[in-house]
Amino acid sequence: MSAAYSVHNEEHNFNIWLPLFLAWLILAALVLAFLPIFLILLIITFFDGWGEFVLLIGPRLYNILCALKGLKVDVDKPNEKVEIMFV
Amino acid sequence: MTENQKKILEMVADKKITVDEAYRLLSLIQPSADATSEVIKGPKPSPKYLRVIVDTEHHIEQGYDKGPAHINVRVPVALIRAGVKLATLIPPEAYNEVDEKLKNRGIMFDLRNMKPENVEELIQSLNDLQVDIHGGQEKVRVYTE
């Protein structure tokens, strides 16, 4: 899956195409770095009802990221065109 | 070819409607044209995308009229499913606060009633969704495909 973002107006002519496996690599590194903090947070919140939320928020956010495939936003104005696409 | 299909093709030839609109109209009249084949086919498949299209003659930016604008948004239905699953993670203690905030914004919606098993039913019912608003110089269309 990849994300594409383009802006064309009088000031900018900008296109970016980002393969999301690069973002996942960065996310994986961040998860590893914050894992100890996450585990402490999980223990603290486990008994006050937020434990499940903390435990599952990562997989659910990943689920949302995967579900973005097919999302397309296209704004067409006389002097500006913006396109955001997940393919 | 039925009378309705002929009329739609004539409207395309006269440039009264676009090819996309004709395709949608043809797909809508297809079930009534051949009801028996619909029975054989079974229920409609779930929609894959929610489409929101806004056409406006004038859009205002920083107090100035910047001319016409066309906005086309295609939201995957899978994103709705994922969003509902995420919302179900909210602990019961937080529901009251969320409900109160929603009520303050005029949205009468109880999050407790939102369950993943109801989402499929909701998505299936979106198959019949079609909203067309023509308000002066603005045109808004919401439909699924």
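Read-outs: derived from the displayed coordinates by stated rules, not from any lab. None of the values given here were measured: they were computed from a predicted structure. Heads up, the Cβs are rebuilt from the backbone with ideal geometry, glycines too, and the neighbour counts pull from every protein chain shown.
Please order B:134, B:59, B:70 by the number of other Cβ within 10 Å, starting at the fewest. Let's see the in-between values first.
Numbers: B:134 10, B:59 19, B:70 15.
Sorted ascending by nearby Cβ count, the order is B:134, B:70, B:59.
Rounded to whole Å, give me the distance from the Cα center of segment A:21-87 to that of segment B:75-145.
20
Run through chain A and list the GluC sites (Glu not before Pro) located in a DSSP loop whose Cβ has at most 10 other Cβ atoms within 10 Å. Let's see the in-between values first.
Values: sites: A:10, A:11, A:52, A:80, A:83; in loops: A:10, A:11.
Filter output for chain A: A:10, A:11.
Measure nothing but the geometry: give the 0 to 90° angle between the long axis through the Cα atoms of B:92-104 and the longest principal axis through the Cα atoms of chain B, rounded to 10°.
Relative to chain B, helix B:92-104 is tipped by roughly 60 degrees.
Could you state the angle between the C-alpha long axis of helix A:20-45 and the longest principal axis of the C-alpha atoms of chain A, as a value from 0 to 90 degrees rounded to the nearest 10?
The angle comes out near 30 degrees.
As a footprinting exposure proxy, order B:102, A:65 by other Cβ within 10 Å, with the fewest listed first. Could you put the intermediate results ahead of the total?
Working: B:102 14, A:65 17.
Ascending number of Cβ neighbours within 10 Å: B:102, A:65.
Relative contact order of chain B: what whole-number percent is it, with Cα pairs under 8 angstrom and at least 6 residues apart?
On the way: 153 pairs, mean separation 37.0, N = 145.
That works out to 25 percent.
Helix-derived [θ] at 222 nm for chain B: sum -39500 (n - 2.57) over DSSP H runs of at least 4, divide by residue count, nearest 500? Don't skip to the end; give the middle numbers.
On the way: 6 runs with 67 residues, N = 145.
Taken over chain B, the calculation gives -14000 deg cm²/dmol.
Place the peptides A:24-31, B:20-27 in order of packing, highest mean first, counting for every residue the other Cβ atoms within 10 Å and averaging per peptide.
On the way: A:24-31: 11.1, B:20-27: 13.9.
The densest-packed peptide leads the list: B:20-27, A:24-31.
Of B:118, B:108, B:76, whose Cα points farthest to the positive end of the dipole of segment B:46-144 (charges on the beta-carbon: +1 Lys, Arg; -1 Asp, Glu; origin at the Cα centre)?
The residue sitting farthest along the positive end of the dipole is B:76.
Among B:123, B:133, B:107, which one moves the most in a GNM of chain B with springs linking Cα atoms closer than 10 Å?
It is B:107.
Once every DSSP H run of n ≥ 4 in chain A is given -39500 (n - 2.57) and the sum is divided by its residues, what mean residue ellipticity at 222 nm do you get, rounded to the nearest 500 deg cm²/dmol? List each step's numbers first, then the result.
On the way: 2 runs with 43 residues, N = 87.
Value at 222 nm, helices only, nearest 500: -17000 deg cm²/dmol.
Which lysines have a Cα less than 23 Å from the Cα of residue A:81, not counting those fewer than 8 places away in the same chain?
The qualifying lysines are A:69, A:72, B:66, B:139.
Going by how many other Cβ atoms sit within 10 Å of their own, how do B:49, B:64 line up, fewest first? Could you put the intermediate results ahead of the total?
Details: B:49 17, B:64 8.
Arranged by neighbour count, lowest to highest, B:49, B:64 become B:64, B:49.
Per residue of A:56-68, what is the mean number of Cβ atoms on other protein chains within 10 angstrom of that residue's Cβ? Numbers along the way, then the final one.
On the way: counts 4, 2, 0, 2, 7, 2, 1, 7, 7, 2, 3, 10, 5.
Rounded to a whole number, the mean comes out at 4.
Counting DSSP beta bridges in the protein assembly as shown, what percent are antiparallel, to the nearest 5?
On the way: 48 of 48 bridges.
Looking only at bridges with both residues in the protein assembly as shown, the antiparallel portion is about 100 percent.
Where a Cα-Cα gap under 14 Å defines reach, which aspartates and glutamates qualify for residue B:85, not counting those fewer than 8 residues away within the same chain?
Once the sequence-local aspartates and glutamates are set aside, what remains near residue B:85 is A:52, B:117, B:120.
Per residue of B:65-71, count partner chain C-beta atoms within 10 Å of its C-beta, then hand back the mean as an integer.
On the way: counts 0, 4, 3, 3, 5, 5, 6.
That works out to 4 on average.
Using only atoms on other chains, find how many Cβ atoms lie within 10 Å of each Cβ of peptide B:15-21 and report the average. Walk me through the numbers before you get to the answer.
On the way: counts 0, 0, 0, 0, 0, 0, 0.
Per-residue shielding by partner chains comes out at 0.
Given the Cα-Cα distance of residue B:4 and residue B:110 and 0.36 nm per residue of separation, how much length would full extension add, in nm? Can you show the working numbers first?
Details: separation 106, 0.36 × 106 = 38.16 nm, distance 4.35 nm.
Length difference between fully extended and current span is 33.8 nm.
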